[in-house]
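Comments concern the structure below.
The values are calculated or read from the model by the stated rules, or taken from the named source; none is laboratory data. All values reported here derive from a predicted model rather than from experimental measurement. Cβ coordinates were reconstructed from backbone atoms using ideal geometry, including for glycine residues, and neighbour counts include every protein chain displayed. Surface accessibility is based on the protein's heavy atoms, side chains included, excluding ligands, DNA and RNA. Shrake-Rupley method; radii C 1.70, N 1.55, O 1.52, S 1.80 Å.
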Amino acid sequence: MADSRDRAAAQLAWRYFENNWNPDTGMVNAVDGLTWATWWDQGSAMLGIHAARQLGLISATEFNEKLSILFQTLEQLPLPTTKLPNKAYSTETAAMRTLSNRSDPNGTSGWSALDLGRYLVALHIIKTHYPEFCDRINTIVTRYDLNQSVKDGWLWGSGAGRNGLNYWQEGRLGYEQYAAYGFKLWGIEADNALYNPPTQRVTVDGVELIVDQRDINSSGASNHLTNDPYLLWGIELGLPDTVQPQIENLLQVQVNRHANTGILTAVNEDALDRKPYFLYYSVYADSRHWPATDVNGKNHPDLRFLSTKAAFAWSSLFPGNDYCQTLRQTVQNLADEQKGYLSGRYENPDLGSNKAINVNTNAIILESLLYKARNGQPIAHIS
């Protein structure tokens with residue numbers, strides 16, 4: 001990295017991994033100091049470690065050690081009878097856990113197709129860039145019955161019910177396509193998820209956007225339109241031409257909100273440092289503009305925040321855009337020197353920084369810096 005500002009940011013983000021990588025399992029904690037993670041988190045972790053190696057933060061020896069320990073864990077990972085990874089695991093012991101971090105020895109939590117999609121993207125990128133791990137990764141993925149995650153061309157997930165697992169279509173526009181690409185990389189086609197999502201057009205702050213028709217009222221799940229899936233899609237895989245207008249409009253609507261309100265805007269799903277501890281901050285969801293909703297759908301407009309990972313990703317994807325560079329400059333030092341980058345800062349100046357520290361923020365910062373160092377080439381591609 002020629003840019004000293006980028007090197008300083010990369011080193012700060014890597015601090016999270018230094019503190020939260022577990023030498024017994026090779027897994028990385030989802031949240032600073034919490035020995036628990038989902039497969040979305042482990043996908044981020046692998047890509048963060050990959051970025052650190054490519055950026056020269058760690059040696060080939062250290063990289064190989066970290067990945068070798070992780071793959072040994074994955075080769076022996078306890079799986080439920082579904083033959084798909086449970087929703088969450090202990091990063092200390094690799095034992096199955098619930099999403100609320102309770103013991104789940106029989107894997108009754110089910111699986112998340114979206115989380116598995118990100119995990120599959122990461123495994124494929126590692127396999128592509130490091131052929132020496134190819135056989136081990138193929139063996140790991142062969143353990144999974146990935147076809148269970150696709151039904152009638154849609155992604156399907158599951159969760160605990162009174163009489164065993166309940167099953168449902170999983171994913172809304174953006175997340176659904178990103179995850180489906182993860183499955184496609186491994187030969188599992190979810191055609192409807194990829195190519196036929198039910199969409200409609202809405203206008204927010206003067207910008208036309210495409211959103212999912214399936215909202216909380218019609219489907220029981222919210223149709224969050226937020227930055228995360230589009231930014232990851234762009235940085236990791238490269239956006240198809242058909243999706244380029246959507247990401248440009250997604251940026252423009254946030255630029256417009258800033259122009260209208262004076263509030264620097266970069267929405268995302270993210271952890272919080274206070275109750276309810278996690279929010280989906282979206283441009284649009286369930287007929288509302290700019291909602292910040294918890295997992296139960298309750299809106300918390302007082303906790304809207306600027307997302308650090310979104311700011312870094314936008315700045316790398318659009319290096320010539322002044323607004324994106326302002327976002328980056330604003331979050332450049334939004335970190336704990338000993339622990340890594342904070343999730344963001346609240347839009348309400350009285351609340352200050354969102355001091356939650358997690359793997360997704362720090363991994364996506366490293367990925368964004370790698371994308372920039374590769375002059376805008378998606379990190380899945382061999383340069």
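Counting every alpha-carbon pair across the chain, the share separated by more than 36 Å comes to 16%. For segment 60-116, carbon and sulfur atoms together expose 48% of the accessible surface, with a 1.4 angstrom probe and every protein chain in place.
With a threshold of 26 Å on the Cα-Cα distance, the over-threshold entries among LYS127/LYS355; LYS83/LYS372; LYS309/LYS339; LYS66/LYS127 are LYS127/LYS355; LYS83/LYS372.
Out of residues 5 or more away from VAL204 or on other chains, whose amide H comes under 5 Å of its own, with H placed 1.01 Å from N in the peptide plane? Those lying under 5 Å, H to H, from VAL204 are LEU209. Normalising the Debye intensity of segment 19-154 to I(0), with uniform scatterers on Cα atoms only, and taking log10 at q = 0.12, 0.15, 0.22 Å⁻¹ returns -0.44, -0.69, -1.48. Note on surface exposure: CYS324, CYS134 rank CYS134, CYS324 by accessible area, highest first, 1.4 Å probe. Mean sequence separation of contacting Cα pairs (under 8 Å, at least six apart), scaled by the length of the chain, corresponds to a relative contact order of 17 percent.
Per-atom-type breakdown for segment 241-383 gives carbon and sulfur 47% of the accessible area (1.4 Å probe, protein chains only).
Between THR93 and ASP322, the modelled label-to-label distance comes to 5.7 nm, taking each label 7 Å out from Cα in the direction of the beta carbon.
Packing here is the average count of other Cβ atoms within 10 Å per residue, and on that basis the peptides 352-362, 101-111, highest first, run 352-362, 101-111.
Surface analysis of the chain yields an accessible area of 39 Å² per residue, using protein heavy atoms and a 1.4 Å probe.
Values of log10 I(q)/I(0) for segment 322-383 across q = 0.15, 0.18, 0.27 Å⁻¹ run -0.56, -0.75, -1.19, by the Debye formula with one identical scatterer at each alpha carbon and no solvent. Across segment 188-285, the mean sequence separation of Cα contacts (distance under 8 Å, 6 or more residues apart), normalised by length, yields a relative contact order of 28 percent.
Across THR199, THR242, THR61, mean-square fluctuation computed from a Gaussian network of the chain (C-alpha pairs under 10 Å connected) peaks at THR242. For a bin width of 10 Å, list the pair-distance distribution of segment 186-305 built from all Cα-Cα distances, rounded to whole %. In whole percents, the pair-distance histogram is 12, 42, 36, 9, 1. Checking every one of the trypsin sites (Lys or Arg not before Pro) in segment 133-212 against DSSP loop status and a limit of 16 other Cβ atoms within 10 Å picks out ARG143, ARG162.
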